[in-house]
Amino acid sequence: MKNTILLMMLSFVAVKASYGYDSSEHSKRLRQAELVLHQAMAISPDQSIPQGLLDRAQCAVIVPGVKHGAFIFGARYGKGYISCRNKTGVGWTAPGTIRMEGGSFGFQVGGSETDIVMLVMNQRGVDRLLTSQFTLGGAAEVAAGPLGRSANAQMDALMTAQILSWSVSRGVFAGVSLQGATLRQDVSDNRELYGRTLENREIINQELPVPIAAKRLVAALNQYSSRK
């Protein structure tokens, strides 16, 4: 009996390490991130993220429910996920976890929440993203992303920024500048999701198996931008 229980425990640990731990918190947040992506791409063509930009992006960052902590100018805090193109360039990798902190943008009332989508457009931006932490607008140039399918808007944005960003707040989708915000990997959340301590660089570069809770988010990324 003891041997049977031990074998079951070892099997659980092996599965957890290989496929990730499907915690309810991560399941909820990953589902929210997936819905944010659907919303960003399902709006009318002249109000959504330009398809050309998503197709050229090397990584995507989605932070659902970023909280604003003060009136007019205030702190931000949110948790989200990053995924990058896999080595073949066809699909997207399993996600790493990330925290966004600090800075402020626009007119805001305390207690409101905003969903954030960022696209990383070049290798320098990817290298910055995969460090333990960096400040947007400092170590990496960030700009408000354009809306619509205009080729001119796409090219202008590609030429001027490593990272493009958009926000969804109360149903309004718009480009937003995130100057001063800090992005940092969340090793403790990675441990909860994957069952072992991992840095985002390891998750992305080693192309780990997609955790069960993250399969729908990665599928959505592949749905909207899979290079075939």
Set the Förster radius R0 to 22 Å, insert the Cβ-Cβ distance between SER226 and ALA42 as r into 1/(1 + (r/R0)^6), and round the FRET efficiency to 0.05.
-> 0.85
For the pair GLU192 and GLN58, the simple spin-label estimate (label points 7 Å beyond Cα toward Cβ) gives in nm 3.0 nm
For LYS215, LYS87, what ranking results if the residue with the fewest other Cβ atoms within 10 Å of its Cβ goes first?
-> LYS87, LYS215
Show which aspartates and glutamates lie in cross-link reach of LYS215 when reach means a straight Cα distance below 13 angstrom and same-chain residues fewer than eight apart are skipped.
-> ASP22, GLU34
Points 7 angstrom from Cα along the Cβ direction at GLU202 and LYS28: gap in nanometres?
-> 2.8 nm
Would you list which aspartates and glutamates come within 14 Å of LYS87, measuring only between C-alpha atoms, while excluding same-chain residues fewer than 8 positions from it?
-> GLU202, GLU207
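We did not get these values from a lab; they are worked out from the coordinates using the rules stated. Values in this document were obtained by computation on a predicted structure and should not be read as measured data. Glycine gets a Cβ as well: all are built from the backbone with ideal geometry, and neighbour counts include every protein chain shown.
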